[in-house]
Amino acid sequence: MKKLENLFNELLEDKSSWDYYRSLSLHTEGIDEVFTKAGSFVEAYLAKGSKLDEDTRAHINLLFHDGNRIEHTLSIYFLGILFYEKVSNIKNEVDSYLEYVEDQIDSEYEKTPFSYYWF
């Protein structure tokens, strides 16, 4: 059985499963380093989507200084992606729901990946 750390590291290598912007530069030795730089990771991710303003930055700063909350938030993000990618029943149910939602808004754009909604 693989350790969670190994699963997270494998996930980091498969950027297409978690980096919906497909442009986040992540130079890391593994998930431990990502958690060490969790605040920077979250800020960079939000900045890629033009979702980082001063209020959001202040909130991230509060999370960073509140124990391990920012690391916890990031670990839940990657854990959710792992469940989605590795458990076919979860992936099928989520995909069905997202397809329903996107049909309701009559989107003319390409299908939005789960990682976008999950983040």
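The values are calculated or read from the model by the stated rules, or taken from the named source; none is laboratory data. All of these numbers come straight from a predicted model, not from anything done at the bench. All Cβ positions, glycine included, derive from the backbone under ideal geometry; neighbour counts span all protein chains shown.
Among all residues of the stretch 52-60, there is none that is of a type outside the set (Phe, Trp, Tyr), under 21 Å from Ser16 (Cβ atoms) and crowded, with 16+ Cβ neighbours inside 10 Å.
When the residues of the stretch 9-26 are filtered to those that are hydroxyl-bearing (Ser, Thr, Tyr) and closer than 17 Å to Lys91 by Cα, the one that is modelled with the lowest pLDDT is Tyr20. Looking only at residues of the stretch 33-71 that are under 26 Å from Tyr97 (Cα atoms) and out of contact with any Leu (no Cβ under 9 Å at 6 or more places or on another chain), we find that the one that is modelled with the lowest pLDDT is Gly49.
Checking Leu46, Leu24, Leu74 one by one, the residue that is in a loop (DSSP other than H, G, I, E, B), surrounded by 11 or more Cβ atoms within 10 Å (Cβ to Cβ), among the hydrophobic types (A, V, I, L, M, F, W, C) and without any contact (Cβ under 8 Å) to a residue 60 or more places away in the chain is Leu24 and no other. Total residues in the stretch 5-21 satisfying the condition of being closer than 23 Å to Phe64 by Cα and not in a loop (DSSP other than H, G, I, E, B): the figure is 4. Against the test of being assigned to a helix (DSSP H, G or I) and among the basic types (Lys, Arg), the options Lys111, Lys91, Lys51 yield a single qualifying residue, Lys91.
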